[in-house]
1. Criterion first (within 15 Å of THR104 (Cβ to Cβ) and out of contact with any Phe, Trp or Tyr (no Cβ under 6 Å at 6 or more places or on another chain)) does LEU260 satisfy it?
2. Every residue in the range 188-200 that is more than 16 Å from the ligand (Cβ to nearest atom) and assigned to a loop (DSSP other than H, G, I, E, B), please.
3. For the range 255-267, state whether one or more residues are under 30 Å from MET77 (Cβ atoms), part of a helix (DSSP H, G or I) and at pLDDT below 95.
4. So in the range 23-51, with the set limited to residues that are under 21 Å from PHE184 (Cα atoms), among the charged types (D, E, K, R) and touching a residue at least 24 places away in the same chain (Cβ under 8 Å), which one is most open to solvent (accessible area, probe 1.4 Å)?
5. For ALA26, are the conditions met, namely being of a type in the set (A, V, I, L, M) and closer than 20 Å to ILE282 by Cα?
6. Tell me which of these SER229 doesn't satisfy, since it passes every other one: (1) in a loop (DSSP other than H, G, I, E, B); (2) surrounded by 14 or more Cβ atoms within 10 Å (Cβ to Cβ).
7. Quick check: anything in the range 10-19 modelled with pLDDT of 95 or more, of a type in the set (Ser, Thr, Tyr) and touching a strand residue (DSSP E or B) at 6+ places or on another chain (Cβ under 6 Å)?
8. Can you tell which of ARG203, ARG179, ARG173 is of a type in the set (Lys, Arg), within 16 Å of the ligand (Cβ to nearest atom) and open to solvent by 60 Å² or more (accessible area, probe 1.4 Å)?
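The values are calculated or read from the model by the stated rules, or taken from the named source; none is laboratory data. Because the structure is a prediction, the values reported are computed rather than measured. No Cβ is skipped: glycine too gets one built from the backbone with ideal geometry, and neighbour counts run over all protein chains shown. Side chains included, ligands, DNA and RNA excluded: accessible areas come from the protein's heavy atoms. Shrake-Rupley method; radii C 1.70, N 1.55, O 1.52, S 1.80 Å.
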Amino acid sequence: MPPRMLSHDAYRVGWICPLQVEQIAAMLMLDEEHESLPQLPADHNVYKLGSINNHNVVIAGLHQPGNCPAATVVAQMRMTFPNLRYGLLVGIGGGVPVETDYGTIRLGHVVVSKPTSIHSGAVQYDHGRARAGDFERTGALAPPPAALLNAAQSLAVQRAMVDCDPVWEDTQRMQTSRRSLPRFKFPGVANDHLYQSDYIHQRAGASCEEGGCDPGQRIERPIDDGDESFVVVHRGTIASGELVVKDAELRDRLAQQYGLLCFEMEAAGALADFPCIVIRGISD
Ligand SMILES: [Zn+2]
């Protein structure tokens, strides 16, 4: 059967995936793909259209990471699909090794934005006045739509209560044995190394193994011998900014200041004009 063609008005959910790998993952979650639609010359996005559980979804990637590209993609997407109501910003992020109700944040876990008593779910950490070496946040970001927060909570309750886990079922769509998909799997606790925060890593841009970082500087942590097929989801404040935080001491200071669980680079741009829930898989 050829793919269906719907009207622009039929789409309610916008899904932004900054990286190509993230877009592949998003596409694999579609129940059905739809025919692409015409768009104005001023709209430079390339859309993938489809549905998930009868929700019509528009998927778009970014040609480069960052807040500005995210803001542009969202603005054009909303122009072409005027009825979009819910935004999902989905990708990888840098985890902060702190404790939540679901244990310590580790490699391969997921962080979902959720408002706390102080923050709206996401903070922009590089958009403030520098004061005494710290950033003072000046711009508050929009909270996720209430319907998505309720859905996230309902899913957490369901996962806690029943053995059949809908998240696990969805991950089974990733046939990691296929030649093109081996990266889409749990990275494994054996690769989850946390170094002392004052340790200077040997080679920027290289992994610790490639760069020859000293394994003696790793922090000994108890091996989490839980079920590796269970995706642990933490919910709380996500930090968005383009200042790449490579310095673990700065990471820890910002994290403590704002109660952060995760760092990423696009939420502040996407959220400027569109209520989104931010979902990040911890990749480093
Ligand atoms: Zn290293």
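1. Values: within 15 Å of THR104 (Cβ to Cβ): yes; out of contact with any Phe, Trp or Tyr (no Cβ under 6 Å at 6 or more places or on another chain): yes.
Criteria met by LEU260.
2. GLY188
3. There is at least one residue in the range 255-267 that is under 30 Å from MET77 (Cβ atoms), part of a helix (DSSP H, G or I) and at pLDDT below 95.
4. Of everything passing the filter in the range 23-51, GLU33 is most open to solvent (accessible area, probe 1.4 Å).
5. yes
6. Status for SER229: all satisfied but (2).
7. Checked the range 10-19: at least one residue is modelled with pLDDT of 95 or more, of a type in the set (Ser, Thr, Tyr) and touching a strand residue (DSSP E or B) at 6+ places or on another chain (Cβ under 6 Å).
8. Numbers: ARG179 fails: within 16 Å of the ligand (Cβ to nearest atom); ARG173 fails: within 16 Å of the ligand (Cβ to nearest atom).
The conditions single out ARG203.
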